[in-house]
2 protein chains.
Amino acid sequence: MGEGPTITTIAARAGVSIASVSRVLNGLPTRQETVHKVLSAAEELGYVPNSVARSLKSRRTNQIAFAMADIANPVYLAMVREIQPVLKAAGYRLVLHSTDADVGDEIGVLRSLGERYVDGLIMIPLRVTEELVKAIAAARAPVVVIGSVPDGLRVDNVRTDSRTGLRLALDHLHGLGRSRIGFVNGPLDTVPGAARGAAYADGLAALGLPYQPELVETGDFYRAEGAEAVRRLLDRAPDIDALMCANDLIALGALHVLRRAGRRVPEDVAVAGMDDIDLAADAWPAVTSVSLGSAERGRAAAQLLLDRLHDAGRPPQVVTVRPRLVVRASTVGEEPR
Amino acid sequence: MGEGPTITTIAARAGVSIASVSRVLNGLPTRQETVHKVLSAAEELGYVPNSVARSLKSRRTNQIAFAMADIANPVYLAMVREIQPVLKAAGYRLVLHSTDADVGDEIGVLRSLGERYVDGLIMIPLRVTEELVKAIAAARAPVVVIGSVPDGLRVDNVRTDSRTGLRLALDHLHGLGRSRIGFVNGPLDTVPGAARGAAYADGLAALGLPYQPELVETGDFYRAEGAEAVRRLLDRAPDIDALMCANDLIALGALHVLRRAGRRVPEDVAVAGMDDIDLAADAWPAVTSVSLGSAERGRAAAQLLLDRLHDAGRPPQVVTVRPRLVVRASTVGEEPR
DNA sequence: CATCCATCCGTAAACGTTTACACAAGCGAG
DNA sequence: CTCGCTTGTGTAAACGTTTACGGATGGATG
């Protein structure tokens, strides 16, 4: 059993050449009788075209890669969820890469584009090193980067403005009369960690509030690590009346810790997060969060890549998604029904 | 610019034949001098082998597909998370398919195996129709099914026993002195829905409790739909003292509804779920849940597929993962510290 | 009736690899 | 000195498609 039928098998059975078979299968003009012979042969044999051979000839794989740190992160998950249907509708398959936030791994993915197993890549790097930037510039296939990139880098890019976003939340907290606003951040050597840390300082200054180092704690962008950090912060500065969290997972950890500590949210401490993941809305109390439009960014990235594949020559595009504050119970209390 | 360098380019530059180039790159025995010439040429040109051409010749793609209903479902997510590293370690890429629980879509994926763009498929169908079974049997590449399949179907299979699992939870609830145990299920035309519905009835019988239709409500396996169903159930049978939920998302919805209704968990109503997703442990109160070993099933499926690719001839394997009850606050209250 | 054009189809090359086979050179053994 | 074996390399075929090109056929046109 020589595996599945090929175009040669069909040609033999239909009594025509492989060229005719190919033409019929691709809908090129052909005599009606030939069309019929080929189609019935193909049907009888259960022919399915070999995508590898097709790719070799056409130099297109109809596959697109998506590389992110960890699929379990709700933000990346939301993106995959949006990216997939867009690609599927355009006839592309999705190849998934988890890099564990390892820059080396990300560079490996970029290098592997030379193998030509995908037509393009959407990536969302956490740490943007010089080497990574070089690898992006040298990539052998179109790349779309979600997140901030250095100015000089000519690459399709989807970004948001977490700085402005964090400011929205601080203004909101301040507007509620809170003035001792703690801040729990993720690692400072990541792009979002650095940006959000700076934004917190800026935001306080703009509000005329003093920057007090003892109100700032650094952990990681996960729930457990966030909870740990909140615990430390609370020990050191028990009198905070608000908590700004660098993302929603940290905020969820904060809710847990505050509840254990007997603090009411938002009466004693108002809590705000960032990313507006689904869990934020479902938590109790529901968490006020700055939406950075994850879904929208995912869709935009997919669309940028499709456009790029369609027109390789156009100048690199930058799409910016505007942050938006979603106010919920964790800052303003339960809505009356 | 004729795209990237190929072995032909290298051969020209090194002054050898393409066969020698291929041999060197694949580590076959070659004269030292030739090795050197080829490697430096490859290095200088920044050569990367074309995986499509390699696949065409070798008939292997080093890609494996995973098809599930919806990546946002925490259970499937947990599986992807486990499957990916196993495959990656074995040198395979992961191609992701979301089918929206559409049987037609799943059959489409199975058919597409004929295109030979992957070496195998791991799938987790929600509804097992006759047509799906036929498509599995006719698949042109190795398939591993996670979930129950009809007895006759010869296919590698990873399953669990949700029936026994649900029984564990019912026994636990009954052991706590609860006897009016409501049940909120997902769609009955899905494999898990049907199994869990039957298990509930069996479990009650085994405990000597009467089956009361008014204690059973059907929604969907999501939080919002689950919450709706719980609301209906609560209206109809306000005197329940326990709630068995067919999965954890439903249980999370239940917590929300019960809180709104002023019922204390677990004092007034004990709540148990199924799947033991991360969220169950993080909820408040933390949800008692039947673990069906999602992570373990994912790993097992990946391993089964790798083994199958290694030995096409061996008889189909079935791996069964034993369910395990994880007791948390939603049934027994807060642990003393 | 010769010419031209349109239509249809087959031959062969190409995509970038791997690999069977053959050939040349070198060398030890008879 | 010849035979045969080993070692290293090149030629060419193959994987399954798509497609440029040219040949054959037949009808319309002069």
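Figures for the structure shown
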| read-out | value |
| --- | --- |
| Full-stretch length increase - A:D171, A:A201 - with 0.36 nm per residue and alpha-carbon distance subtracted | 9.5 nm |
| Ascending list, in nanometres, of distances separating the A:G313 label from those of the other copies (7 Å, Cα toward Cβ) | 5.8 |
| Sites A:L28 and B:E3 - FRET efficiency at Förster radius 35 Å, r taken between beta-carbons, to 0.05 | 0.85 |
| Percent of C-alpha pairs per 20 Å bin, chain B, short to long | 28, 42, 20, 9, 0 |
| Label point 7 Å beyond Cα along the C-beta direction, distances from B:G108 to other copies (nm, shortest first) | 3.3 |
| For the range B:259-337, fraction of C-alpha pairs farther apart than 20 Å, in % | 49 |
| Average beta-carbon neighbours from other chains, 10 Å sphere, peptide B:279-286 | 3 |
| Within-15-Å neighbourhood charge of B:P315 [Cβ basis; K, R +1; D, E -1] | -1 |
| Within chain A, percent of DSSP bridges classed antiparallel, to nearest 5 | 10 |
| Degrees, to the nearest 10: A:32-45 long Cα axis against longest axis of chain A | 60 |
| Prolate/oblate/rounded call for the range B:7-49, Cα gyration tensor, a/c under 1.5 rounded | rounded |
| Förster-model FRET efficiency, 56 Å R0, A:R259 and B:D102, C-beta, rounded to 0.05 | 0.85 |
| Positive minus negative residues near A:F183 (Lys, Arg vs Asp, Glu; Cβ under 14 Å) | +3 |
| C-alpha center-to-center spacing [the range A:1-43, the range B:148-172] in angstrom | 46 |
| Whole-angstrom gap from the range B:264-337 to the range B:181-232, using each part's C-alpha centre | 18 |
| D (Stokes-Einstein, µm²/s), Kirkwood Cα radius, the protein assembly as shown, 0.890 mPa s at 25 °C | 88 |
| For A:R324, inter-copy label distances in nm, listed shortest first [label point 7 Å out on the Cα-Cβ vector] | 4.3 |
| Overall form of the range A:80-167 per C-alpha gyration tensor (a/c, 1.5; a/b vs b/c) | oblate |
| Distance (nanometres) between label positions extended 7 Å along Cα→Cβ at A:L188 and B:K134 | 6.5 |
| Peptide B:43-53, shielding by other chains (average Cβ, 10 Å cutoff) | 5 |
| Cα long-axis angle, helix B:191-207 against chain B (0 to 90 degrees, to the nearest 10) | 40 |
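Coordinate-derived values only; no laboratory data. Not measured: the values here are computed from a predicted model. Cβ atoms come from the backbone with ideal geometry, glycine included; neighbour counts cover every protein chain shown.
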